[in-house]
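In what follows, a structure is listed as structure tokens, so that the remarks can point back to it.
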Amino acid sequence: MIIFGSRGLDLKRGEGNFFCPNCQTDRPYTLKERKRMGHLYWIPLLPLGSLGKFVECKACREIFHEDAQHTETNASISNKLDVAIKTALSAVILSDSVTDKNELEFGSKLISEFTSKETNVEDLQNDLEYFDKSEMHSSLSEISQHLTEQGKVNIVEKCVMMSLVDGDIADEEIDTIKEVAVALGIPDGYVPGIIQNTIERISNKG
Ligand SMILES: [Zn+2]
């Protein structure tokens with residue numbers, strides 16, 4: 001009698017962080033590959049082939065299709081949102097030729113308030129020196145898929161608030177605000193209305 005058998009053996013193929021659909025939050029995962037291991041008369045044979053790869057959540061131990069490792073994490077979305085807001089506000093600050101102390105103070109306050117990173121005037125000044133506006137459009141359009149319509153309008157409003165710090169909105173600032181809106185998927189025809197609403201809200205407050 002020939003005794004032949006096989007069983008699955010899981011080999012580690014990688015690890016990282018992913019958004020676990022079961023835990024509903026960011027978790028570390030292990031990427032594993034199940035190999036079919038055979039034996040003949042209890043002598044192990046080389047792997048008989050792959051039974052496929054899967055992702056295992058290290059927290060809940062639930063397993064998912066290997067594509068789950070590519071699901072964007074909350075941390076990654078939050079980081080992209082931070083960059084997008086900072087980029088949009090920086091573009092507004094740099095729209096007109098003068099960048100005064102008021103703008104820097106208000107800008108760093110807005111960025112600290114609406115992103116996860118504390119930014120002071122020196123940080124902002126440094127960032128503005130190396131600012132590259134060419135990345136603004138892609139940064140904003142990439143994050144727009146994760147934002148509600150109200151979320152998009154909120155970002156445009158921040159830009160309006162930023163541009164109002166020096167008293168009035170210059171034409172160059174309106175152009176930048178329109179670019180921000182369009183990159184987020186808001187038609188530029190809506191921008192005058194958003195500007196108007198923001199001005200009214202600020203004047204009602206104080
Ligand atoms: Zn999990």
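Nothing in this text is a laboratory measurement; each read-out follows from the coordinates by a stated rule. Values in this document were obtained by computation on a predicted structure and should not be read as measured data. Every residue, glycine among them, receives a Cβ derived from its backbone with ideal geometry; neighbour counts consider all protein chains shown.
Each Lys and Arg adds +1 at its Cβ and each Asp and Glu adds -1 at its Cβ; summed about the Cα centre, the stretch 4-70 shows a dipole of about 280 debye. Of all the stretches in the chain, which is the longest one without any exposed loop site, taking chymotrypsin sites (Phe, Trp or Tyr not before Pro) in a DSSP loop (any state but H, G, I, E, B) with at most 14 other Cβ atoms within 10 Å? After excluding every exposed loop site, the longest remaining stretch is 43-129. Bridgeable lysines around LYS158 (alpha carbons under 23 Å apart, same-chain partners fewer than 8 residues away excluded): LYS80, LYS86, LYS101, LYS109, LYS117, LYS133, LYS178, LYS205. Scanning the chain for trypsin sites (Lys or Arg not before Pro) lying in DSSP loops with no more than 16 further Cβ atoms inside 10 Å, the longest uninterrupted stretch between such sites is 118-206.
For TYR29, nonlocal amide neighbours, meaning residues 5 or more places apart or on other chains whose placed amide H falls under 5 Å from its own, are GLY16, ASN17, PHE18, LYS58.
Residues in the stretch 29-37 carry Karplus couplings, in order, of 10, 10, 8, 10, 10, 8, 9, 8, 9 Hz; the curve used is 6.51 cos²θ - 1.76 cosθ + 1.60 with θ = phi - 60°, and Gly or Pro positions show x. When the Cα positions of VAL92, ILE202, THR148 are compared along the charge dipole of the stretch 74-205, THR148 comes out farthest toward the positive end, with charges on each C-beta of Lys, Arg, Asp and Glu.
If the cut-off is 13 Å between C-alpha atoms, which aspartates and glutamates fall inside it for LYS58, apart from same-chain ones fewer than 8 positions away? The reachable aspartates and glutamates, counting only those whose Cα sits under 13 Å from LYS58, are GLU15, ASP26. Other residues with beta-carbon under 13 Å from the beta-carbon of THR30 carry, at +1 per Lys or Arg and -1 per Asp or Glu, a net charge of +2. Summing Lys and Arg as +1 and Asp and Glu as -1 over all other residues whose Cβ lies under 12 Å from the Cβ of GLU129 gives a net charge of -4. Phi angles of the stretch 70-77 translate, via the Karplus equation with coefficients 6.51, -1.76, 1.60 and θ = phi - 60°, into HN-Hα couplings of 8, 4, 5, 7, 4, 4, 5, 5 Hz per residue; Gly and Pro are given as x. Across the options LEU45, ILE77, ASN120, the greatest Cα extent toward the positive end of the charge dipole of the stretch 1-132 (unit charges at beta carbon of Lys, Arg, Asp, Glu) belongs to LEU45. For the stretch 74-205, a/c is less than 1.5, where a ≥ b ≥ c are the root eigenvalues of the C-alpha gyration tensor. That puts it in the rounded class.
When +1 charges are put on Lys and Arg Cβ atoms and -1 charges on Asp and Glu Cβ atoms, the dipole computed for the chain relative to its Cα centre reaches about 2060 debye.
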